[in-house]
Amino acid sequence: NQESGFNPKAVSPAGAVGIAQFLPGTAAGLGVNPWDPIQALRGAAQLMASYARNYGGDYAKALAAYNGGSGTVQYAVNACGAANWMNCLPYETRHYIYVIMGI
């Protein structure tokens, strides 16, 4: 995991916790305990699969939504267009995509 370093006790400055770095509301919505690595990783897989479906298999958009929320992706697409949407993402989200996808 890029954010937690696979540390199930990780806490981000934004309040994301555990190995999958879920915010408490996200974890609750998925019905997982974010401190339990097995539950958290299953929840992360479920969430990523949902985003991948929602974005038609566009993994960059799925990762952006996982990191910054689907509203961030929608804003970027609306502001910069389909071809240049990544230019309108916050630096942290853009960097997250690059690290995870190796681009």
Answer from Ala65, Ala60, Ala82 - the residue that is out of contact with any Lys or Arg (no Cβ under 6 Å at 6 or more places or on another chain), surrounded by fewer than 11 Cβ atoms within 10 Å (Cβ to Cβ) and hydrophobic (A, V, I, L, M, F, W, C)
Ala82
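From Leu23, Leu47, Leu41, which residue is buried (at least 19 other Cβ atoms within 10 Å of the Cβ) and within 16 Å of Glu3 (Cβ to Cβ)?
Details: Leu23 fails: buried (at least 19 other Cβ atoms within 10 Å of the Cβ); Leu41 fails: buried (at least 19 other Cβ atoms within 10 Å of the Cβ).
Within the list Leu23, Leu47, Leu41, the selection yields Leu47.
Read-outs: derived from the displayed coordinates by stated rules, not from any lab. Just so you know, these numbers come straight off a predicted model, no measurement behind them. Counting neighbours? That spans all protein chains shown, and the Cβs are built from the backbone with ideal geometry, glycine included.
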